[in-house]
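K.L.:
Below are the C-alpha cells for one structure; questions will follow.
Values quoted throughout were computed directly from the atomic coordinates according to the rules given, and no laboratory measurement underlies them. The model shown is predicted, which means the values in this text are computed figures rather than measured ones. Cβ sites come from the backbone with ideal geometry, for glycine too, and all protein chains shown count toward neighbours.
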Amino acid sequence: MERADASDLLAFLAVARERSFTRAAARLAIAQPTLSQIVRNLEERLGVRLLNRTTRSVTPTQAGEQLLRTIGPKFDEMDAELGALSELREKPAGTIRITATEYAAQAILMPAMSKLLPAYPDINVEVLIDYGLTNIVAAQYDAGIRPGELVAKDMIAVRVGPDLRMAVVGAPSYFATRKKPRTPQDLTEHNCINLRLPTHGGSLYAWEFERNGREVNVRVEGQLIFNGAGALLQAALQGLGLAYLTEGYVQPYLSSGRLVRVLADWCPPFSGYHLYYPSRRQSSPAFALLVNTLRYRGK
C-alpha cells in the first residue's frame, strides 16, 4: 500500500467508529463529501466494500469489521507512543490505577516502578490485587495486567512479560509419604490446594495441562481452598498439599529445595502478561511513560 493510504485508513476508522460521515467529518475537520470520496477510493483500491451506507446509518461490513479490529488498536497504540513524547513539554503527573494479579504485581510492576517513580516524583500508582477479569472501564481503572489470552479483543494489549508456565509443586515433607504423580489424572489421589476465582463464577479453578497436543483439565480435591496465590504458596511450603502456581512465583523455592516440582512435562508455555487498556483511552504523559516502562522488549 502507498503511504497516502495511512490517512485513508484513519478516515475509515473515524467513520466506522462514529457510525456517521457527518460526525467523522467534524472530528477530522474536513468536508463530508471529501471524506466520503476518501473512503470510496480506499474501497476501490482494496476491492471490497468496507461500509454499508443508508440514509439513516453507516455500519461496517464484515470486511470493515475485520479491518477495524485489525488496524484500530495499532493506530491507537501509535497514538499512545506519540503521546509519550509530550513529556518533553509537559511534566508527567497524576495517579494511575492498575488492577493486577499478585504475581504480576511482584514480578512485572514492582521492577518497573523502581525505575519510573524515583525519576518522576509527581506520578502515583495505585495497584489493586484482583484475580477476576475486571471491567476496567466500569471500575475506573486506567489499565489491567493479565495473561494475553484473557485480554478482551476490544482492548489495546501491550506485552509486558515473557511467556509463562504453570508448575505443580509440593514440599519434600509432603512427598515423604506419597508417590509423585506421573500424569494429571494421578492428582485425584493427592491432597491438592484449591483456588477459588471470581473469573470462573466463584467455582474452583480446574488445573489445566497439555502434552503432545492433548489437553487435560483436572478438578482436584483437597482440604484447603484459598482465593489468592500467596496463601497457596505458604500452604504448599508447609507441606499441606500440592499447589498449582506460576513457575516464576515458585522458582526461588524450587532452587532452594523447599519445593519439589512434578508434572513439568505437562505444563507448556502460554501467553505472558499483557498490560491492557481501552482503545479510546486519552493517553496522559504519565500513562504513556508507564506503558513505555512496562513494555517487554525480550532478552
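K.L.:
In what sequence, highest mean first, do 92-98, 176-182, 26-32 appear when ranked by Cβ atoms within 10 angstrom?
P.N.:
92-98, 26-32, 176-182
K.L.:
At 0.36 nm per residue, and after removing the present C-alpha to C-alpha distance, how many nm does the segment from Thr55 to Asp122 gain when stretched out fully?
P.N.:
On the way: separation 67, 0.36 × 67 = 24.12 nm, distance 5.05 nm.
Going from the current span to full extension adds 19.1 nm.
K.L.:
Compute the distribution of all C-alpha to C-alpha distances in the range 97-251, in bins of 10 Å from 0, and list the percent of pairs in each, rounded to whole numbers.
P.N.:
Result, from short to long distances: 9, 34, 33, 17, 6, 0 percent.
K.L.:
Still on this structure: Scan (i) 46, 24, 16; (ii) 32, 19, 18; (iii) 43, 21, 15 for the value of semi-axes √(5λ) of the Cα gyration tensor in Å calculated from this model and give just the label.
P.N.:
Computed from the coordinates, semi-axes √(5λ) of the Cα gyration tensor in Å corresponds to (i).
K.L.:
Say R0 is 41 Å: what FRET efficiency, to the nearest 0.05, do Asp186 and Thr70 get from their beta-carbon distance?
P.N.:
The formula returns an efficiency of 0.40 here.
K.L.:
What FRET efficiency would be calculated for the residue pair Lys179, Glu81, taking the C-beta separation as r and a Förster radius of 35 Å, to the nearest 0.05?
P.N.:
Calculated transfer efficiency: 0.05.
K.L.:
Ala152 versus Lys115, label points 7 Å from Cα toward the beta carbon: distance in nm?
P.N.:
That separation, rounded to one decimal, is 3.0 nm.
K.L.:
Shifting gears a bit: Provide the net charge surrounding Val160, with neighbours chosen by a C-beta distance below 11 Å and charges set as Lys +1, Arg +1, Asp -1, Glu -1.
P.N.:
Overall, the nearby charge balance is +4.
K.L.:
Also, I was wondering about something else. Where in the range 66-80 does the amide nitrogen come within less than 17 Å of the point 7 Å from the Cα of Ala6, taken along Cα to Cβ?
P.N.:
Label zone hits: 71-80.
K.L.:
Next question. Modelled label-to-label distance, Leu254 and Val216, 7 Å Cα→beta-carbon offset: nm?
P.N.:
1.8 nm
K.L.:
Take the chain, mark every one of the GluC sites (Glu not before Pro) that falls in a DSSP loop and has at most 12 other Cβ within 10 Å, then report the longest stretch left between them, sites excluded.
P.N.:
91-299
K.L.:
Would you work out if the range 166-266 is rounded, prolate or oblate? Take a ≥ b ≥ c from the square roots of the eigenvalues of the alpha-carbon gyration tensor; rounded if a/c is under 1.5, else prolate when a/b is larger than b/c, oblate otherwise.
P.N.:
rounded
K.L.:
Give me the distance in nm between label points sitting 7 Å out from Cα along the Cα-to-Cβ direction at Gln62 and Thr95, one decimal.
P.N.:
4.8 nm
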